[in-house]
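Structure below; questions to follow.
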Amino acid sequence: MTDRPQGLRRGLTQYGDPEFALYLRRSFARSTGLSDAMLERPIVGIVTSPSELNNCHRTMGELVEAVRRGVLAAGGLPLAFPTISLGEPFLHPTSLYLRNLMAIDVEEMLRAQPLDAAVLVGGCDKTVPAQLMGAASTELPVVQLVVGPMATGRHRGERLGACTDCRRFWARYRAGELDEAEIRAVEGRLAVTAGTCPVMGTASTMACLAEALGVALPGSAAIPAVHADRLRIAEATGALATRLVGSGRSLRTIVSQESLENAMRVLLALSGSTNAVVHLAAIAGRLGLRFDLRELDALSETTPVLVDLKPTGQGYMEDFFAAGGMPAVLRELAPFLHLDVPTIDGRTLAQVLTEPLGEPVDRAVIRPFSDPVSPVGGLVALFGSLAPEGAILKRAAATPALFEHEGRAVVFASLEDLARRIDDPDLEVEPHDVLVLQNAGPASPARMPEAGHLPIPKKLARAGVKDMVRISDARMSGTAFGTVVLHVAPDAASGGPLALVRSGDRIRLSVRERRLDLLVEEDELGRRREAWRPPETPVRGWARLWQQEILQAPEGCDLAFLRGPLRTR
Ligand code: FES
């Protein structure tokens, strides 16, 4: 316990007279109709992110009510407040651009208001990373609660879930296999309930990683958004946050280098989203922890994929929940995890994992260690003359026949150039070529959108080509698949080698050697480098701050001044 002031006495508004400030605060607080007894309680903030432009958070109201019940029952005063909300498909140019802004909002409101603990309620892709980044920059005890995944829809007897099936059907439509009427019908069946995308995309991956890091209640990640258990876990989360008051148990005390390594293992075992690499790096950066792509790559060699979910496998999040969810995955991975790390409820991970599972694990969805989906992890890191600071390939979602590949580059200089030419019948492109997208990285005006999954040129798609090597400094949706090299760093807009590629150059990818190389003589590259010009810096606002401070993907695309000092231990 600390002897810091609690509740309304905490963090008084500065008038130069603390007693006046408390008197004034109490008088305004009483205007809410709360009793004196309530106003004496410790305050548990509920950080909410509802928005009518965020369909995934549609159940947030009832979830917050359940958290409130838990806080009240445990003796706290629940006070909910909103922050920015990021609804993935409703943001331009991309939600990542606003993740850091939401993180600043969360951090500053946690710090400015008289809170003794808080529950972070998020879900849609960038909201959980933003909340964890913000909270990691404070000393406040917090617990993460996610809204939970959607249920699946049905189309002609087949289950559908955003957004893996969005992409699958869209690829078939582009290839001429579906007509306009059918793609419209599919459009109405992909996202049929509240909640986050029901595959192991970014939202689900980050929910699972919050649990793996020990900052969310065990078993909370996969409960469907519309399941009654989701409300029960919300109530339990509220009660836990209240018990954390005065404990000093902030993210800084929970998340260590060891728990970060656990999260990397889990990411690999889930065959989770490539976006999670960026978010974990950002969270680590806030906490002063080391996040190293080479370490992730080394862990990938000894971490089997245990979970058979889309986009790389068969099932959906509702199957994962029914199969045993994260508690089952963590038990299976236990020999590889640091078990002495603390978790938010005060137990070590080892103690959490000694609890018996309520139900038998469905081994079709969560495989035993002895019979994994794949003996190695879903992600690899690549380095080479085209990516001196690294790049990522989700090998679990890629075509093995393309792992060792040399081909001719077909370059698109920007997203606009891509949109203009990719389906041009006169585009010079062959199935063996390598599609390259430039200027879609963090320092570009495009702000690193999920555009790395370049569409197969229509004329090749119609000829039956399903996959090609694609390379960019962009990201890819966690729900997408293909032989797609992402997050090339430094990005083209920072003057990285990616900016120097020209159509016709040879590029070599070797997953075996973890190499990505541009096969062009240094003299020629020097000439191209001299002609390169950076993008203009925006004149004002968030865009200007972003442009001036943005870090590369291996550092989490955070703003440089928001990272914490490196911890020595
Ligand atoms: Fe919100 Fe996919 S759109 S999680």
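Run the helix sum for the chain: -39,500 (n - 2.57) per DSSP H stretch of 4+ residues, divided by residue count, reported at 222 nm to the nearest 500 deg cm²/dmol.
Values: 20 runs with 194 residues, N = 569.
Only helices count here, giving -10000 deg cm²/dmol.
Rounded to the nearest 0.05, what FRET efficiency do Lys458 and Ala543 have when you use their Cβ-Cβ distance and R0 = 45 Å?
Values: r = 33 Å, r/R0 = 0.74.
After rounding to 0.05, the efficiency reads 0.85.
So, one more: Can you tell me how segment 175-263 classifies by the Cα gyration tensor, rounded, prolate or oblate, using a/c under 1.5 as the rounded cut?
Details: a/c = 4.65, a/b = 2.09, b/c = 2.22.
Judged from the Cα gyration tensor, segment 175-263 comes out oblate (a/c at least 1.5, b/c at or above a/b).
I've got another one for you. Could you sort out which of Lys310/Lys394; Lys126/Lys458; Lys394/Lys459; Lys394/Lys466 sit more than 22 Å apart by Cα distance in this structure?
Lys126/Lys458; Lys394/Lys459
More than 24 Å apart: what percent of Cα pairs in segment 201-330 qualify? Mind dumping the intermediate values first?
Numbers: 2570 of 8385 pairs.
Percentage above 24 Å: 31.
Considering only the chain, what is the antiparallel percent among its DSSP beta bridges, to the nearest 5?
On the way: 24 of 53 bridges.
Antiparallel: roughly 45 percent of the beta bridges in the chain.
Pull out a ≥ b ≥ c, the square roots of the eigenvalues of the alpha-carbon gyration tensor of segment 392-520, then state rounded if a/c is under 1.5, prolate if not and a/b is larger than b/c, and oblate in the remaining case.
Working: a/c = 1.26, a/b = 1.08, b/c = 1.17.
Judged from the Cα gyration tensor, segment 392-520 comes out rounded (a/c under 1.5).
Compare the peptides 241-250, 540-549 by average per-residue count of other Cβ atoms within 10 angstrom and give them in order, highest first. Before the final figure, lay out the partial values.
Values: 241-250: 20.9, 540-549: 13.6.
Packing proxy ranking, top to bottom: 241-250, 540-549.
May I pose another question? Go through 274-287, 64-77 and give me the packing order, highest mean Cβ count within 10 Å leading. Intermediate values should be presented prior to the final figure.
Numbers: 274-287: 26.6, 64-77: 20.5.
Listed from highest to lowest mean packing, they are 274-287, 64-77.
Quick one: grab the alpha carbon gyration tensor of the chain, order the square roots of its eigenvalues as a ≥ b ≥ c, and give me rounded if a/c is under 1.5, else prolate or oblate depending on whether a/b is larger than b/c.
On the way: a/c = 1.81, a/b = 1.53, b/c = 1.18.
Prolate shape, in that a/c is at least 1.5 and a/b is the bigger ratio.
If we sort 494-501, 461-468, 153-160, 125-132 on the protection proxy, mean other Cβ atoms within 10 Å, highest first, what's the order? Present the calculation step by step, with values, prior to reporting the outcome.
Values: 494-501: 21.6, 461-468: 15.4, 153-160: 13.8, 125-132: 31.2.
For the peptides 494-501, 461-468, 153-160, 125-132, the packing ranking is 125-132, 494-501, 461-468, 153-160.
I would also like to ask the following. Quick check for me: using +1 on Lys/Arg Cβ and -1 on Asp/Glu Cβ, what's the dipole size of the chain about its Cα centre, in debye to the nearest 20? Walk me through the intermediate numbers first.
On the way: 63 positive and 68 negative charges, 149 e Å.
Roughly 720 debye, rounded to the nearest 20.
Values quoted throughout were computed directly from the atomic coordinates according to the rules given, and no laboratory measurement underlies them. None of the values given here were measured: they were computed from a predicted structure. Glycine gets a Cβ as well: all are built from the backbone with ideal geometry, and neighbour counts include every protein chain shown.
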